[in-house]
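A.B. asks: Structure incoming, see below.
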Amino acid sequence: MSVTEWLQRMHAGARQRNYVGTFVVSAPGGDLSSARIWHVRDGEHQIERIEALSGPPRSTFRRNRNVMTFLPEAKVVKVEKRENLDLFPNLPDKPDSSIGEFYDVRAIGKDRVAGFDADVVQLVPHDALRFGYRVWSERRSGLVVKLQTIDSESRVVEQSAFSELQLDAPVKPQALAQMMANTSGYRIEKLELERSSAQDEGWTLSTPVAGFKPRSFFRRPPSGDSGSSNNGGKQKQQDATTVQWTFSDGLASVSLFIERYDAARAPRDGVLTIGATNAIRRRLPEPASDWWLTAVGEVPQQTLNAFAQSLARTR
């Protein structure tokens, strides 16, 4: 099969099957996290519960694009809508064939993961702007049961896998929906995002980063905004807004968070790496030096640098 055909099969497997399993993510530096996942397809709806088994207690429920995260220690539930569902592969509803311009697929063989027979393929990038992947997909459904992210020197920078999995598990969507709706005793915090566009907000990429297509653009209104209708109020509101511009090549995604530079609270320029996730923070150069950028993605750091260098103010 072609790259696109393999990815479409994995994409369908992640969404069409009911399953319950324990999912473990590890990185060479010793970082390890695990979660229990319940996933069910109810007609056209996707419902999912993810219970963190490491770190602070946390339960995340998702129904289609509606996401609620319960933090029992703080007695807070965060409510938001997500455009991207953080499933591998991160394909749009109608994936295009251009991904084959940036990755090759190589069949490696067969293996067993969590008791299931799996096909093993390697997705090899054509350039250094993206990581490679070694993927184990359950033979009958295409569900990704193990994934390794590989850098340009063939090192595994992150691995995720089911340590235990029940396919076609009898998960009841009504039970998950009831748990999701039970917010008694919790303070609800809604993350309000407004859909916008780079053009409307005054941003552009002077040079597109090969393969990465814009997926969404949102602005987060400042808290406590009075909704002033005069020009000064509008300008003040715009200045306090953080925007998020998201790109994806179908496998990897990059988010650019842009906000006004505030010398009183701005951290130093810096970089951060956790497993396959890299982040850079920097003040934009002139003539956009009034702005601060945080770029995050499961891509090599040089890819984030390419986005940062290409980001430009249009007004």
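The values are calculated or read from the model by the stated rules, or taken from the named source; none is laboratory data. Here the structure is a predicted model, which is why all the values come from computation and not from measurement. For neighbour counting, all protein chains shown are included, and Cβ atoms are generated from backbone atoms with ideal geometry for every residue, glycine included. Side chains are part of the model used for accessible areas, which takes the heavy atoms of the whole protein and leaves out ligands, DNA and RNA. Shrake-Rupley method; radii C 1.70, N 1.55, O 1.52, S 1.80 Å.
A.B. asks: Hey, if we sort 314, 22 by accessible area with the 1.4 Å probe, largest down, what's the order?
C.D. replies: On the way: 314 85, 22 25 Å².
The most accessible residue leads, giving 314, 22.
A.B. asks: Okay, moving on. Packing-wise, with mean Cβ within 10 Å as the measure, how do 195-206, 37-48 rank, highest first?
C.D. replies: On the way: 195-206: 14.2, 37-48: 16.6.
Going by the mean number of other Cβ atoms within 10 Å, highest first, we get 37-48, 195-206.
A.B. asks: Moving to a separate point now. Candidates (1) 62, 50, 37; (2) 70, 59, 49; (3) 56, 52, 40; which is the computed Cα extents along the principal axes in Å?
C.D. replies: (1)
A.B. asks: Which one, 148, 52, 206, projects farthest toward the positive side of the charge dipole computed for the chain from Cβ point charges (K/R +1, D/E -1)?
C.D. replies: 52
A.B. asks: For the full complex of protein chains and a 1.4 angstrom probe, list 49, 220, 112 by accessible area with the highest value first. Let's see the in-between values first.
C.D. replies: On the way: 49 45, 220 95, 112 145 Å².
Reading off the accessible areas and sorting them downward yields 112, 220, 49.
A.B. asks: Something else: Could you tell me which residue out of 254, 184, 70 lies farthest along the dipole of the chain toward its positive end? Charges go on the beta carbon: Lys and Arg +1, Asp and Glu -1, centred on the Cα centre.
C.D. replies: So the residue furthest toward the plus end is 184.
A.B. asks: Take the Cβ-Cβ distance between residue 301 and residue 117 as r, set R0 to 35 Å, and report the resulting FRET efficiency rounded to the nearest 0.05.
C.D. replies: Working: r = 37 Å, r/R0 = 1.05.
My answer for the efficiency is 0.45.
A.B. asks: Roughly speaking, what is the centre-to-centre gap between region 118-194 and region 27-45 when only Cα atoms are used, to the nearest Å?
C.D. replies: One Cα centre to the other: 5 Å.
A.B. asks: Assuming R0 = 25 Å, can you tell me the calculated FRET efficiency for the pair residue 272 and residue 73, based on Cβ-Cβ distance, to the nearest 0.05?
C.D. replies: Numbers: r = 25 Å, r/R0 = 0.98.
The computed FRET efficiency comes out at 0.55.
A.B. asks: While we're on this one: Restricting to lysine pairs 8 or more places apart or on different chains, what number in the chain have Cα atoms under 20 Å apart? Please report the intermediate quantities before stating the final value.
C.D. replies: On the way: 75/190; 78/190; 81/190; 94/213; 110/146.
Close lysine pairs found across the chain: 5.
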